[in-house]
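Remarks on the structure that follows.
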Amino acid sequence: MSLDLTRIKALCFDVDGTLSDTDDLYAQKVERFFPRFLFKDPTHAARRFVMWVEAPGNAMLGYADKLGLDDEMVAVINWISRHRKHSDKKFLLVPGVDEMLKQLQGRYPMAVVSARDEYGTLAFLKQFGLVKYFDAVITGLSAEHTKPYPDPVLLAAQKMNVPAENCLMIGDTTVDIRAGKSAGTQTVGVLCGFGEEPELKRLGADLILSDTPKLLEVLK
């Protein structure tokens, strides 16, 4: 797996599991409910459970993608996004993301491409002062269809005034990889969120990184 660096003129980032981290302290508390005789890796199972709780839409899209139920699940998530009450949840940042974005700013136009609703996406970006880094913020309701359809990635490319084939989609799930591939971008899968390396490889990720800030080493 490798990237054609000469093609990359703009960057598109997923949020949950890519820029936004899960609560590891909460995961440690939950881990005791995942006994080793039932779970091969209780720590991993607890972390994924906490991710599911913190970002159910992302998790639902991932499973729908595996089952071939994209249309149905997108409709459900769109309905939830339009009707749910907003909370004042505090988010966590994947360590190193702020410094990564700071160093990439000015070198590439950058966009957020999230399945979250606008309120949740902007709440996260504002909490950590990240809005200034992005030329476009595409949320779950910005385009006619959300990921894994190409629509939000194509919209991000349009707003950055860069052809989609010159964009790089960075995300942690098969949903992100499929959306990027469908839009004609190169894709990077990161392992700091929901995704597992075998499934990201199977979907054709051009590169897989242990975490999002490792992208700096690739684009240096």
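The values are calculated or read from the model by the stated rules, or taken from the named source; none is laboratory data. This one's a predicted model, so the numbers in the text were calculated from it and none came from an experiment. Because the Cβ atoms are built from the backbone with ideal geometry, glycine has one as well, and the counts that use them run over all protein chains shown. Surface areas here come from the heavy atoms of the whole protein model, side chains and all, with no ligands, DNA or RNA. Shrake-Rupley method; radii C 1.70, N 1.55, O 1.52, S 1.80 Å.
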Hey, among V113, V137, V162, which residue is closer than 16 Å to G17 by Cα and hydrophobic (A, V, I, L, M, F, W, C)?
V113
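Do we find that R116 is at pLDDT below 95 and touching a Gly at 6+ places or on another chain (Cβ under 7 Å) in this structure? Talk me through it step by step, then tell me what you get.
Values: at pLDDT below 95: yes; touching a Gly at 6+ places or on another chain (Cβ under 7 Å): yes.
Considered against the rule, which asks whether it is at pLDDT below 95 and touching a Gly at 6+ places or on another chain (Cβ under 7 Å), R116 comes out as yes.
Table: residues versus (1) modelled with pLDDT of 70 or more; (2) among the hydrophobic types (A, V, I, L, M, F, W, C); (3) farther than 30 Å from N161 by Cα; (4) exposed (fewer than 14 other Cβ atoms within 10 Å of the Cβ).
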position: D4; (1), (2), (3), (4): yes, no, no, yes
position: K9; (1), (2), (3), (4): yes, no, no, no
position: V15; (1), (2), (3), (4): yes, yes, no, no
position: T18; (1), (2), (3), (4): yes, no, no, no
position: Q28; (1), (2), (3), (4): no, no, yes, yes
position: F33; (1), (2), (3), (4): yes, yes, yes, yes
position: L38; (1), (2), (3), (4): yes, yes, yes, yes
position: F49; (1), (2), (3), (4): no, yes, yes, no
position: M60; (1), (2), (3), (4): no, yes, yes, no
For Q105, work out the one condition from (1) in contact with a Leu (Cβ under 7 Å, 6 or more places away or on another chain); (2) under 19 Å from V94 (Cα atoms); (3) open to solvent by 40 Å² or more (accessible area, probe 1.4 Å); (4) touching a residue at least 12 places away in the same chain (Cβ under 8 Å) it doesn't fulfil.
(1)
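Can we say A115 is open to solvent by 10 Å² or more (accessible area, probe 1.4 Å), under 15 Å from the mean Cα position of the chain (by Cα), of a type in the set (A, V, I, L, M) and under 21 Å from V190 (Cα atoms)? So that I can check it myself, show each step before the final result.
Values: open to solvent by 10 Å² or more (accessible area, probe 1.4 Å): yes; under 15 Å from the mean Cα position of the chain (by Cα): yes; of a type in the set (A, V, I, L, M): yes; under 21 Å from V190 (Cα atoms): yes.
When the stated conditions are applied, A115 passes them.
Kindly provide the set of residues from region 120-156 that are charged (D, E, K, R) and either within 24 Å of D98 (Cβ to Cβ) or touching a Lys or Arg at 6+ places or on another chain (Cβ under 9 Å) (or both), ordered by number. Full working, then the answer.
Taking region 120-156 and keeping what is charged (D, E, K, R), we get 126, 132, 135, 144, 147, 151.
The answer is K126, K132, D135, K147.
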Out of the residues in region 87-102 that are touching a residue at least 40 places away in the same chain (Cβ under 8 Å) and assigned to a helix (DSSP H, G or I), state the one that is nearest to C192 (Cα to Cα).
V97
With the checklist (1) open to solvent by 70 Å² or more (accessible area, probe 1.4 Å); (2) at pLDDT 85 or above in hand, flag the one item W79 doesn't pass.
(2)
